[in-house]
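Peer 1: A single structure is presented below for examination.
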Amino acid sequence: MTKGYQQLKNLTGKVALITGASSGMGEQIAYELAKKGAIVVCCARRLDRLEEVAAICRKISHQEAYAFAVDVSVPNQIEKLVEKVEATIGPIDVLVNDAGFGLMEKALDFDMTIAERMFRVNVLGLIYMTKYTALHMAERKRGAIINIASMAGKMATPKSSVYSATKFAVLGYSNALRLELKPLGISVLTVNPGPVRTDFFNIADESGKYLESISNMALNPEIVAKKVVKTIGTAKRELNLPGYMEVAHHLYQMCPYLGDYLAGSIFNKK
C-alpha cells in the first residue's frame with residue numbers, strides 16, 4: 001500500500017493548516033500551498049491580517065481558503081480549532097507548525113514570564129496542535145507534519161538561551177514523533193533555518209540592528225517556503241538552511257571547542 005505521505009505529492013483539494021500564518025514564513029508557506037491547489041487554513045492571533053492572507057490564497061489557488069484566530073498557548077482553543085476544521089472543512093492532510101517568537105536577551109536578565117510564554121507557544125502549543133491533528137491523520141493513515149524549528153536548536157549562540165532551548169525541545173520531540181508516526185503513513189519534517197527576513201525580529205531584537213548586521217546572511221522567506229512545500233509527499237526528515245550553517249553545525253558536533261568559538265564569535269551578531 002502506498003505510504004500516506006506519498007499520497008500528498010498532489011495537493012489539489014487537500015486541506016493544509018498553518019499556524020503563524022499572518023506574516024513571515026507562515027504567510028509565504030500558505031501562498032506556496034495555495035499554488036499547489038491546496039485548501040489553506042490560516043491560523044494566528046491577528047484575524048484581520050489572516051483574512052487578507054486567506055483572500056490572496058483564494059486568488060492563487062481558485063480554492064476556498066479560511067482564516068481562524070487562535071492563540072496556540074491555549075490548549076482548548078487548539079482542540080476546538082482542529083475539531084472545527086475536521087468537521088466543517090475536511091480532513092487535515094498537512095500541518096505546518098510555524099507559530100513562535102523569540103527574544104534576544106542575556107540568560108541572567110531574562111524575564112521569566114516571557115520565558116514561560118515562549119515555551120507555551122513554541123513548544124507546548126506545537127505539541128498540542130500536533131497531537132490533536134495527528135490523531136485524525138492516524139485514523140486515515142496519511143499526513144504530513146512540518147515543524148518549524150531553527151538552526152538555533154542545533155547550535156546556540158549568546159543571547160539566545162531561552163529561544164534555543166525551545167527549539168532544541170522541538171527537535172527532540174519531532175525526532176521521536178517521526179519514528180512513532182512513520183508506520184502510520186505520516187511524515188514529520190523539521191525545518192531549521194538560520195535568520196530569515198521576517199517580522200520575527202520586530203519582537204526578538206529590540207535594538208532593530210540585528211538584521212542589518214547579518215544582511216548578507218539572512219534568508220528570503222519566499223525561497224524558504226518553496227523549499228518547505230517541495231518536501232511534502234517525501235520522507236525527508238530535515239531541511240537545514242543555509243548550507244554553510246549546516247556545515248557549521250557538523251563542526252560543532254565533531255569539534256565542540258571550535259563550535260563554541262564559532263557560535264560565540266563569527267555567528268554571534270546579536
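Peer 1: When segment 128-149 is examined, which residues are found to be aliphatic (A, V, I, L, M), buried (at least 20 other Cβ atoms within 10 Å of the Cβ) and more than 15 Å from Val70 (Cβ to Cβ)? Outline the logic, then answer.
Peer 2: We begin by selecting, within segment 128-149, every residue aliphatic (A, V, I, L, M); these are 129, 134-135, 137-138, 144-146, 148-149.
So of that shortlist, the ones also buried (at least 20 other Cβ atoms within 10 Å of the Cβ) come out as 129, 134, 137, 144-146, 148-149.
Once the filter is applied, which keeps residues that are aliphatic (A, V, I, L, M), buried (at least 20 other Cβ atoms within 10 Å of the Cβ) and more than 15 Å from Val70 (Cβ to Cβ), segment 128-149 yields Ala134, Met137, Ala144, Ile145, Ile146, Ile148, Ala149.
Peer 1: Shifting gears a bit: Being surrounded by 24 or more Cβ atoms within 10 Å (Cβ to Cβ), hydrophobic (A, V, I, L, M, F, W, C) and farther than 28 Å from Ala169 by Cα, is that true of even one residue in segment 44-61? Can you show your working first?
Peer 2: Filtering segment 44-61 for residues surrounded by 24 or more Cβ atoms within 10 Å (Cβ to Cβ) gives 44, 50, 53, 57.
If we keep only those that are hydrophobic (A, V, I, L, M, F, W, C) too, we end up with 44, 50, 53, 57.
Checking which are farther than 28 Å from Ala169 by Cα leaves us with 53, 57.
Yes, there is a match, as at least one residue in segment 44-61 is surrounded by 24 or more Cβ atoms within 10 Å (Cβ to Cβ), hydrophobic (A, V, I, L, M, F, W, C) and farther than 28 Å from Ala169 by Cα.
Peer 1: Every residue in segment 110-144 that is in contact (Cβ under 8 Å) with a residue 24 or more places away in the chain, in a loop (DSSP other than H, G, I, E, B) and not aromatic (Phe, Trp, Tyr), please.
Peer 2: Lys141, Arg142
Peer 1: Taking only segment 1-40 into account, find how many residues are in a strand (DSSP E or B) and over 20 Å from Arg58 (Cβ atoms).
Peer 2: Taking segment 1-40 and keeping what is in a strand (DSSP E or B), we get 15-19, 39-40.
From what is left, the residues that are over 20 Å from Arg58 (Cβ atoms) are none.
Within segment 1-40, residues that are in a strand (DSSP E or B) and over 20 Å from Arg58 (Cβ atoms) number 0.
Peer 1: Between a first residue in segment 163-179 that is within 17 Å of Gly143 (Cα to Cα) and at pLDDT 95 or above and a second residue that is surrounded by 19 or more Cβ atoms within 10 Å (Cβ to Cβ) and hydroxyl-bearing (Ser, Thr, Tyr), which pairs have beta carbons less than 9 Å apart while being 6 or more apart in sequence or on different chains?
Peer 2: Qualifying pairs under 9 Å: Ser174/Thr130; Ser174/Thr190; Asn175/Thr190; Leu177/Thr130; Arg178/Ser187; Arg178/Thr190.
Peer 1: Further question: Report yes if Ala107 is over 17 Å from the mean Cα position of the chain (by Cα), surrounded by fewer than 21 Cβ atoms within 10 Å (Cβ to Cβ) and either within 18 Å of Gly143 (Cβ to Cβ) or touching a residue at least 40 places away in the same chain (Cβ under 8 Å) (or both), otherwise no.
Peer 2: yes
Peer 1: Tell me whether segment 52-70 contains one or more residues that are within 15 Å of Tyr132 (Cβ to Cβ), modelled with pLDDT of 95 or more and not hydroxyl-bearing (Ser, Thr, Tyr). It would help to see each step written out before you state the result.
Peer 2: Residues of segment 52-70 within 15 Å of Tyr132 (Cβ to Cβ): 68, 70.
Among the residues that remain, those that are also modelled with pLDDT of 95 or more are: 68, 70.
Filter again for not hydroxyl-bearing (Ser, Thr, Tyr), leaving 68, 70.
Taking every residue of segment 52-70 in turn, at least one turns out to be within 15 Å of Tyr132 (Cβ to Cβ), modelled with pLDDT of 95 or more and not hydroxyl-bearing (Ser, Thr, Tyr).
Peer 1: Look through Leu47, Leu11 and report the one residue that is touching a residue at least 12 places away in the same chain (Cβ under 8 Å) and more than 28 Å from Pro183 (Cα to Cα).
Peer 2: Numbers: Leu11 fails: more than 28 Å from Pro183 (Cα to Cα).
None of the others qualify; the one that does is Leu47.
The values are calculated or read from the model by the stated rules, or taken from the named source; none is laboratory data. Because the structure is predicted, anything quoted here is derived from the model rather than measured. Cβ sites come from the backbone with ideal geometry, for glycine too, and all protein chains shown count toward neighbours.
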